[in-house]
């Protein structure tokens with residue numbers, strides 16, 4: 001079995017490794033360190049939690065032990081996708097360089113530019129940075145990358161997911177082509193392959209495990225969850241999470257709970273606190289000091305549950321994490337490998353439990369396709385299909401009340417009631433006032449309807465007086481009181497049989513009835529001018545007909 005003492009590392013580096021308690025390298029370390037010490041480009045692929053950080057830190061320290069950095073010109077560069085991973089890499093350098101006089105600078109967001117500029121101005125051997133902050137310093141003229149001899153890209157596939165690939169390509173162009181380049185990641189997407197073919201020269205490919213594999217020491221499971229109602233899904237899902245934590249009992253000493261969205265991270269952390277669980281959130285929108293304080297509390301054991309977005313999924317080394325709960329199925333299947341890789345580290349046993357709702361079943365299928373294994377289905381601690389019993393009762397349809405035989409069902413109070421309550425045509429005919437026999441006989445004659453004056457062109461015959469004919473100075477509606485009451489009764493009956501809304505059928509019937517009553521009252525109807533013809537217009541027609 002290979003030991004660190006056989007890898008030609010600097011004696012002072014070996015002393016620091018021994019003091020840290022390590023003796024035997026991991027497979028990725030044993031495969032990557034020798035070609036890196038030879039100055040070759042390295043492409044390292046291994047599942048998370050296998051010690052990839054030390055795979056490039058140890059050969060870098062050995063190579064940088066000789067020489068000295070100049071102001072604003074770092075001798076090596078390490079790119080990390082997140083602030084937390086960059087800070088972790090910096091801690092590894094502190095651990096293994098305690099016996100060497102090497103300087104480092106950490107360029108991440110959330111920290112003052114002035115403090116970082118002071119370190120760069122003095123000259124640093126190792127520059128650890130996130131791509132965005134590195135480009136900011138470069139554009140401000142505070143950084144010169146022409147003296148970079150070793151460049152490391154850690155978690156390269158995460159760079160792709162976060163949209164850093166254009167920045168990575170630009171940074172490669174800022175550095176000299178004679179540099180040594182080390183690529184490390186747990187997965188290798190096609191876009192990453194393109195970059196390695198472009199910027200790496202004959203790299204030594206170290207692949208100690210199949211891409212996107214999960215540790216055999218991690219017990220995995222998924223709970224298929226369906227809410228009782230769509231608007232209760234979030235609440236019932238959080239209840240299921242608490243039930244899963246309680247079911248694990250004392251075996252769950254601490255855990256990381258992953259959510260897809262930052263908003264859900266805050267909500268889940270707040271919910272756990274409300275029910276007495278020691279939890280805190282961590283995601284990219286929080287202040288850097290708060291993120292550091294939360295992560296330190298989780299590492300030293302004062303914080304039991306860390307609710308995190310994928311910002312905490314990559315590269316964070318907390319050796320004693322017993323459980324990982326995926327509150328959401330990750331949108332990218334590769335993220336599942338990195339999430340559950342936070343547990344079961346350094347040969348320990350771990351547990352990873354995931355909650356899957358119906359809309360995430362496609363993402364679950366992608367995860368199982370990537371890891372090439374079916375994730376075991378677990379029973380819900382809530383029973384059934386993981387739907388709370390009280391929610392099922394609340395959502396169950398109410399049974400209809402029993403009724404005696406022969407009893408007719410009651411009609412619902414709906415719009416159809418108006419149609420049912422409306423009087424039928426037979427009832428209308430029975431209730432309507434019956435006309436006198438002479439009027440009926442006169443209406444049956446074909447010439448009973450008076451012909452309008454402006455169409456006939458002659459005055460009405462004086463020997464056929466019209467009943468209730470208004471006087472010239474009297475409005476048409478000034479009819480006798482009895483006739484008006486009879487017309488109003490008919491209008492009221494019409495309204496009850498039609499719709500009451502404006503412009504509906506009742507309104508048209510009412511206006512049509514008014515026009516008919518005007519003819520029956522014997523008024524000189526003027527076609528086309530409506531029901532209420534002004535008096536002065538009627539007078540003008542009468543004057544013309546008399547002339």
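When residue 228 is tested against the conditions (1) out of contact with any strand residue (DSSP E or B) (no Cβ under 7 Å at 6 or more places or on another chain); (2) assigned to a loop (DSSP other than H, G, I, E, B); (3) outside the structural domain of residue 352 (by TED's automatic domain parsing), the lone failure is (3). The residues of the stretch 138-157 that are touching a strand residue (DSSP E or B) at 6+ places or on another chain (Cβ under 6 Å) and more than 25 Å from residue 51 (Cα to Cα), listed by number, are 144, 147.
Which of the residues spanning the stretch 267-290 are touching a strand residue (DSSP E or B) at 6+ places or on another chain (Cβ under 9 Å) and surrounded by fewer than 16 Cβ atoms within 10 Å (Cβ to Cβ)? Within the stretch 267-290, 270, 273, 278, 290 meet the criteria.
For (1) assigned to a loop (DSSP other than H, G, I, E, B); (2) in contact with a strand residue (DSSP E or B) (Cβ under 7 Å, 6 or more places away or on another chain), each residue gets a yes or a no:
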{"site": "170", "(1), (2)": "no, no"}
{"site": "177", "(1), (2)": "yes, no"}
{"site": "183", "(1), (2)": "no, yes"}
{"site": "194", "(1), (2)": "no, no"}
{"site": "201", "(1), (2)": "yes, no"}
{"site": "222", "(1), (2)": "no, yes"}
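Could you tell me whether residue 153 is in the same structural domain as residue 192 (by TED's automatic domain parsing) and in a strand (DSSP E or B)? The answer is yes for residue 153. The selection criterion, being touching a helix residue (DSSP H, G or I) at 6+ places or on another chain (Cβ under 6 Å), at positive phi and not assigned by TED's automatic domain parsing to the domain that holds residue 284, does not hold for residue 123.
Determine if the stretch 325-332 includes at least one residue that is modelled with pLDDT under 85 and within 26 Å of residue 214 (Cα to Cα).
Quick first cut of the stretch 325-332, residues modelled with pLDDT under 85 only: 332.
Checking which are within 26 Å of residue 214 (Cα to Cα) leaves us with 332.
Yes, some residue in the stretch 325-332 is modelled with pLDDT under 85 and within 26 Å of residue 214 (Cα to Cα).
Those helices (runs of 4 or more DSSP H) of the stretch 43-126 in which at least 2 residues are under 27 Å from residue 343 (Cα atoms), considering only elements entirely within it, cover 52-64, 83-96.
Kindly indicate which of 164, 184, 177, 172 is surrounded by 15 or more Cβ atoms within 10 Å (Cβ to Cβ), over 14 Å from residue 85 (Cβ atoms) and either assigned by TED's automatic domain parsing to the domain that holds residue 82 or free of Cβ contacts under 8 Å to residues at least 60 places away in the same chain (or both). Explain how you work it out, then say what you get.
Details: 164 fails: over 14 Å from residue 85 (Cβ atoms); 184 fails: over 14 Å from residue 85 (Cβ atoms); 177 fails: surrounded by 15 or more Cβ atoms within 10 Å (Cβ to Cβ).
Among 164, 184, 177, 172, only 172 is surrounded by 15 or more Cβ atoms within 10 Å (Cβ to Cβ), over 14 Å from residue 85 (Cβ atoms) and either assigned by TED's automatic domain parsing to the domain that holds residue 82 or free of Cβ contacts under 8 Å to residues at least 60 places away in the same chain (or both).
Comparison of 64, 77 shows that the only residue that is within 38 Å of the chain's Cα centre (by Cα), under 19 Å from residue 102 (Cα atoms) and modelled with pLDDT of 90 or more is 77. Output the residue which, of all residues in the stretch 247-266 that are in contact with a strand residue (DSSP E or B) (Cβ under 9 Å, 6 or more places away or on another chain) and part of a helix (DSSP H, G or I), is surrounded by the most Cβ atoms within 10 Å (Cβ to Cβ). The qualifying residue surrounded by the most Cβ atoms within 10 Å (Cβ to Cβ) is 265. Of the numbered criteria (1) at pLDDT below 90; (2) in a helix (DSSP H, G or I); (3) surrounded by 21 or more Cβ atoms within 10 Å (Cβ to Cβ), the one residue 244 fails is (1). Within the stretch 26-44, the set of residues being in contact with a helix residue (DSSP H, G or I) (Cβ under 6 Å, 6 or more places away or on another chain) and surrounded by 20 or more Cβ atoms within 10 Å (Cβ to Cβ) comprises 28, 29, 32, 33, 36, 42, 43, 44.
The values are calculated or read from the model by the stated rules, or taken from the named source; none is laboratory data. Computed from a prediction, not measured in an experiment: that's the story for all the values here. All Cβ positions, glycine included, derive from the backbone under ideal geometry; neighbour counts span all protein chains shown.
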